[in-house]
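Working notes for the structure below.
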Amino acid sequence: MEFVKSTDVVVIGGGIVGTAILRELSKYDLQCVLVEKEPDVSLGTTKANSAILHAGFDAPTGSLKAITNVRGNKLYHQLEKELDLDIKWTGSLVVATTEEEMATLQELMQRGHANGVEGLQILTAEEVLEQEPNLQNVKGALWAPTAGVCWPFGATVAFAQCAVQNGAEVMCDTKVLGFIKEDGRIAGVETNKGVIKTKYVVNAAGVYADEIAKLAGDDSFTITARKGEYILFDKTACNSLVYGVVFPCPTKKSKGILVCTTTHGNTFIGPNANELEDKEDHAVTMDGMNEIMTSARKLIPNLPMGQAITQFAGLRAVSSTGDFIIGPSDIEGFFNAAGMQSPGLTAAPAVGELVAAEIARLSGAAKKANFKAALPKTKAFLRMTRTEQAKAIEANNLYGRVICRCETITEGEIVEAINSPVGARTVDGVKRRTRAGMGRCQGGFCGPRVTQILARELNIPITEVLKERTDSNMFYEKYAADGGEE
Amino acid sequence: MNQLYDVIIIGGGPAGLSAAYSAWENGAKKIIVIERDRELGGILQQCIHNGFGLHHFKEELTGPGYAYRCIEMIKDKPEIETLVDTMVLDVKDNKTVIAVSPEKGLMELQGKTVILTMGCRERTRGAIRTPGERPAGVFTAGAAQRMVNMEGYLPGHKIVILGSGDIGLVMARRMSLEGCKVQAVLEICPFSNGLTRNIVQCLHDYDIPLYLSHTIVKIHGDTRVTGITVAKVDYKMCPIPGTEFDIECDTVLLSVGLIPENELSNGLNLAMHPLTAGPIVDQHRETSLDGFFAAGNVVHVHDLVDFVSDEAEIAGKYAALKALGKMEGEMREVKVSAINGVRTCVPQKLSMSVANPADEKVKLFMRVAAPHRKVRLEIKSGDNVLLSKPLPVAKPSEMIAVEIPAAKFDLIGDEITVGLLL
Ligand SMILES: Cc1cc2nc3c(=O)[nH]c(=O)nc-3n(C[C@H](O)[C@H](O)[C@H](O)COP(=O)(O)OP(=O)(O)OC[C@H]3O[C@@H](n4cnc5c(N)ncnc54)[C@H](O)[C@@H]3O)c2cc1C
Ligand SMILES: Cc1cc2nc3c(=O)[nH]c(=O)nc-3n(C[C@H](O)[C@H](O)[C@H](O)COP(=O)(O)OP(=O)(O)OC[C@H]3O[C@@H](n4cnc5c(N)ncnc54)[C@H](O)[C@@H]3O)c2cc1C
């Protein structure tokens with residue numbers, strides 16, 4: 001296999017966890033490369049989840065889940081400004097509908113205290129209804145003021161961009177196929193693009209982390225995919241749903257179906273939980289939709305189903321150990337950040353700290369003096385004042401052309417998303433960076449236009465523009481008049 | 001920039017263009033049409049098939065042909081300005097309009113009256129909750145139509161169309177003509193929602209099977225669509241277990257309904273009608289907010305562009321009269337109710353001049369709830385019959401237009417009912 005390059009660390013997987021690790025590693029004098037098999041980052045579990053920055057009262061005290069959750073939540077409060085992240089600190093409610101459930105709330109609160117979660121409080125029914133007037137059958141709720149909702153794709157891209165501005169590299173369309181070992185320790189990674197020589201490997205491959213570990217000779221754990229399905233509503237639906245994050249009382253089996261807002265004011269219901277054989281099964285099912293609608297109706301009987309705009313499903317990477325698997329393995333040079341089911345999104349920055357610190361310690365790498373923590377600030381056209389909008393257009397008149405009519409996303413923003421570091425290469429890449437296509441018409445109107453802009457900016461034919469994954473082409477040449485393809 | 005217009009028209013489709021012409025004809029001196037696309041004409045520019053204009057221009061035209069006629073009518077009139085590549089972002093209830101374009105930046109225009117003619121958009125996969133994977137290759141039929149007819153690309157090669165409305169039918173023919181294989185058209189209702197002539201000319205002539213009472217229960221494919229699972233549905237439109245079968249395809253086109261584009265109207269808090277999903281208007285096409293008019297697909301979805309023009313001419317006329325201060329005088333409100341098998345009727349109310357009620361035409365546009373043969377349409381006020389008309393066929397897909405004779409105006413009380421005698 002052809003040699004491509006030589007580096008200190010290869011991070012496998014461009015989800016929130018891989019990019020958070022890459023960013024922390026870029027604080028040290030280490031050469032780092034992230035490899036991602038898909039054409040863009042954030043296409044695994046990170047693209048389809050509840051996006052909640054959990055407070056941290058769920059996981060058993062002392063577990064890696066609990067520790068990294070509480071620490072991760074704190075770090076997001078700090079990273080929000082530095083990386084210009086989209087976060088709404090809504091707080092969260094766990095709503096009890098029976099006396100029995102009120103008792104569970106007490107347990108949750110105690111566990112929260114033990115985990116180090118601040119500000120927890122039990123609210124009365126009246127206090128809950130003041131925040132969320134559409135809820136029914138409320139007895140009381142656990143209020144966690146430190147919880148919030150984030151924009152997971154934006155956070156992933158921001159982590160990657162920050163790492164890149166500090167010298168790290170992101171290679172998309174690069175799939176790990178195997179490893180090269182010398183004297184039992186990791187010496188290189190084999191990919192479809194060739195061999196990358198390296199001293200350390202971090203496995204953040206999501207639902208495939210067990211297969212990657214096995215390739216390296218670590219078969220200490222397995223990962224099962226557990227699917228969660230969602231129904232997302234138009235922004236106008238919040239008035240009949242919720243304004244914040246509402247969990248039902250958890251059962252032994254799951255955190256239950258929640259009713260929840262997003263950073264941009266949409267609302268969703270979900271997720272359910274179903275174990276899968278197939279790690280590529282992202283299908284939304286009729287049964288699944290019925291299940292989440294039935295559950296959500298216990299809290300909100302009149303769901304505005306006419307305002308549903310999309311459905312999607314995400315796969316939780318459930319580890320055989322029951323906890324996150326973070327740190328060095330038995331194979332020298334091979335690290336895991338695996339089994340990252342919920343609260344993996346929240347925990348990611350803390351996982352990054354742990355892994356990077358350990359690799360720095362082992363390699364003796366020092367911290368860079370000139371680490372650039374901040375990313376340039378940007379503001380969506382929609383959120384600008386009229387004066388700011390006028391100025392933006394004066395500087396670049398493409399801000400005067402609205403491409404996505406539902407979310408008011410301009411051509412200027414789309415071009416910027418394509419041309420910035422770790423830029424968008426696909427129609428969905430543009431969508432996840434700018435929100436073009438995320439509104440009520442779901443790209444029906446702007447999809448073809450975004451395709452044309454991508455082709456122009458990337459200097460490729462329209463027929464090569466992808467929706468999302470490899471081979472997900474959007475459009476084809478017309479047949480030639482003689483019947484053959486042009 | 002802040003200029004005072006007699007009439008500001010938002011949307012440059014056939015409704016906006018016809019309204020502009022009519023406002024001009026009725027004496028408005030300063031009119032502007034604002035269109036967000038790069039050219040005027042609206043949805044017509046991508047409808048390259050025939051079948052437009054038989055009523056309005058007494059001649060069969062293509063979509064772009066019809067649009068050309070409308071554009072010609074307003075061209076070179078110093079009283080009418082047009083802006084393209086310009087999106088209206090906001091309208092205030094004092095008739096200030098905020099628009100934006102790459103060329104002119106952010107603009108603020110002031111109108112004496114405003115006509116809303118924003119057309120409609122297509123219902124999506126998410127709105128109808130089609131289960132399955134989410135690969136590339138699922139398009140709304142209109143988006144695909146634009147790509148094929150205006151940009152010159154194919155959305156795929158082996159096509160299934162969900163929904164037998166006119167757009168779906170027209171696209172079945174278009175894709176066949178382009179050399180693609182149209183595997184099937186699926187319709188969840190027990191009847192087609194398209195015009196009969198389209199079923200014959202677009203499906204039968206190309207041997208494309210139409211499955212009534214069928215829908216998609218799963219879309220397959222990780223990256224691009226590889227096929228679908230279809231099932232028969234019962235009378236409640238629920239899939240019947242055991243009836244599933246697979247169809248191979250790389251593309252699914254959705255023609256599952258149009259929704260009036262009323263973001264701006266909602267921002268203005270106009271009174272909306274739950275069934276038409278458009279603003280409630282009177283016979284002048286004035287909305288619940290004084291000086292705001294609306295016409296075309298933004299009010300209710302039309303199947304014939306000719307009726308769009310008819311309706312827009314009314315809106316243009318009365319907007320002009322209002323701007324010129326000629327719509328004074330006491331009015332009384334009459335409610336128009338759709339009953340007995342009539343699903344919707346526009347206008348939903350009348351504003352009758354107390355002094356001169358017979359001075360105007362009152363035209364009603366309606367849709368029935370289910371298909372019928374040989375029924376009678378009856379328009380009444382109390383016990384007084386204003387109009388009684390036999391209909392050889394009545395279908396939900398075909399809009400019915402009638403005029404109330406002026407001679408009957410003095411029989412009109414507080415309410416008019418529009419219904420079928422079954
Ligand atoms: C239904 C659901 C709800 C959730 N809700 C929340 C929540 O509210 N709050 C929260 O904190 N967490 C939540 N989570 C968990 C959170 O989404 C995950 O912990 C997090 O996204 C995991 O990120 P990751 O980077 O580990 O995995 P991924 O995002 O899956 O990234 C792994 C990447 O590795 C790549 N890869 C795989 N194999 C290879 C290979 N051979 N070569 C190269 N690249 C490869 C994949 O393409 C993928 O991009 C939820 C999860 C689910 C499923
Ligand atoms: C695929 C298809 C096939 C058809 N076939 C036939 C046929 O065979 N025969 C027939 O008679 N009729 C047919 N029709 C029906 C007829 O063409 C339409 O009903 C008619 O074009 C609607 O006119 P409109 O002006 O209301 O809307 P549109 O044509 O949709 O025009 C609305 C315009 O407003 C603009 N706009 C919206 N919001 C804004 C904003 N905020 N700022 C600026 N501009 C805005 C839009 O860009 C658009 O150009 C067909 C329709 C379709 C979609």
Review point. Which lysines, on any chain, are close to A:Lys377 with Cα under 20 Å apart, when same-chain ones fewer than 8 places away are left out?
Key: A:Lys81, A:Lys88, A:Lys391, A:Lys431
Exercise for review: Name the shape class, rounded, prolate or oblate, that the alpha-carbon gyration tensor gives for chain A, where a ≥ b ≥ c are the square roots of its eigenvalues, rounded holds for a/c under 1.5, and otherwise prolate holds if a/b is larger than b/c and oblate otherwise.
Suggested key: oblate
**Study point:** Relative contact order computed over region A:381-464 (Cα-Cα under 8 Å; 6+ residues apart), in percent
**Key:** 24
Point to revise | Residue (of B:Ala143, B:Val185, B:His214) at the positive-pole extreme of region B:124-256, dipole from beta-carbon charges | key: B:Ala143
Check your understanding: Which sequence of B:Glu398, A:Glu182 reflects their accessible areas, 1.4 Å probe, from the largest down?
Key -> A:Glu182, B:Glu398
Review point. What FRET efficiency, computed as 1/(1 + (r/R0)^6) with R0 = 25 Å and r the Cβ-Cβ distance, is obtained for A:Asn302 and A:Gln110, rounded to the nearest 0.05?
Key: 0.10
Point to revise | Length-normalised contact order of chain B in % [C-alpha pairs under 8 Å, at least 6 apart] | key: 16
Practice item. Taking the Cα centre of region B:124-256 as origin, work out the dipole magnitude from +1 charges on Lys and Arg Cβ and -1 charges on Asp and Glu Cβ, in debye rounded to 20. Key: 260
Check your understanding: Cβ under 12 Å from B:Val393's Cβ, B:Val393 left aside: what net charge do those residues give with Lys, Arg +1 and Asp, Glu -1?
Key -> +2
Revision key, fill the gap. In nanometres, the difference between 0.36 nm per residue of separation and the alpha-carbon distance of A:Ala125 and A:Leu382 is 88.9 nm
Point to revise | Heavy atoms of A:Trp89: accessible area, 1.4 Å probe, square angstrom to 10 | key: 80
Exercise for review: Counting helices only, and only those DSSP H runs with n ≥ 4, report the 222 nm mean residue ellipticity of chain A as the sum of -39,500 (n - 2.57) divided by its residues, in deg cm²/dmol to the nearest 500.
Suggested key: -9500 deg cm²/dmol
Practice item. Take B:Arg224, A:Arg383 and sort them by solvent-accessible surface of the protein heavy atoms, 1.4 Å probe, largest at the top. Key: A:Arg383, B:Arg224
Review point. R0 = 51 Å: FRET efficiency of B:Leu422 with A:Ser363, Cβ-based, nearest 0.05?
Key: 0.05
Check your understanding: Quick one: ranking B:Asp37, A:Asp219 by accessible area, 1.4 Å probe, largest first, what do you get?
Key -> A:Asp219, B:Asp37
Point to revise | Convex hull projection area averaged over all views, chain B, Cα basis, nm² | key: 21.2
Check your understanding: Which value in nm describes the separation of the simple spin-label points at B:Lys335 and A:Met102, placed 7 Å from the Cα toward the beta carbon?
Key -> 4.6
Point to revise | Whole-Å semi-axes of region B:124-256's equivalent ellipsoid (Cα gyration tensor) | key: 21, 18, 12
Revision key, fill the gap. Partner lysines whose C-alpha sits under 24 Å from that of A:Lys193, ignoring same-chain residues fewer than 8 away, are A:Lys5, A:Lys37, A:Lys175, A:Lys181, A:Lys214, A:Lys279, A:Lys467
Review point. So, with +1 on the Cβ of K and R and -1 on the Cβ of D and E, and no other charges, what is the size of the charge dipole of region B:329-422 about its Cα centre, to the nearest 20 debye?
Key: 600
Exercise for review: Within a 10 angstrom radius of each residue's Cβ in B:137-150, how many Cβ atoms of other chains show up on average? Whole number is fine.
Suggested key: 3
Practice item. Report the accessible area of A:Thr321, computed with a 1.4 Å probe over the heavy atoms of all protein chains in place, in Å² rounded to the nearest 10. Key: 80
Review point. Given R₀ = 25 Å, FRET efficiency for A:Ser6-A:Leu177 by Cβ-Cβ distance, to 0.05?
Key: 0.85
Check your understanding: Under the Kirkwood approximation applied to all pairs of distinct alpha-carbon atoms, what is the hydrodynamic radius of region A:1-65 in Å?
Key -> 14.2
Exercise for review: Mind jotting down the three principal axis lengths of the protein assembly as shown based on Cα atoms? Whole angstrom, largest first.
Suggested key: 100, 72, 63
Check your understanding: Over chain A, what is the mean sequence separation of C-alpha contacts under 8 Å (at least six apart), divided by residue count, expressed as relative contact order in percent?
Key -> 20
Practice item. Calculate, in nm to one decimal, what B:Glu60 and B:Arg38 gain on full extension: separation in residues at 0.36 nm each, minus their alpha carbon distance. Key: 5.4 nm
Check your understanding: Which one of B:Glu133, B:Glu286, B:Glu103 has the biggest mean-square fluctuation once chain B is modelled by GNM with Cα springs under 10 Å?
Key -> B:Glu103
**Study point:** In Å², nearest 10: area of A:Ile67 left accessible to a 1.4 Å probe
**Key:** 100
**Study point:** Under 14 Å from B:Lys380, Cα to Cα: aspartates and glutamates that are on another chain or at least 8 residues apart
**Key:** B:Glu403, B:Asp410, B:Asp414, B:Glu415
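The values are calculated or read from the model by the stated rules, or taken from the named source; none is laboratory data. The structure presented is a predicted model; accordingly, all values stated were derived computationally and were not measured. With ideal geometry, Cβ positions are generated from the backbone for all residues, glycine too; neighbour counts draw on all protein chains shown. Side chains included, ligands, DNA and RNA excluded: accessible areas come from the protein's heavy atoms. Shrake-Rupley method; radii C 1.70, N 1.55, O 1.52, S 1.80 Å.
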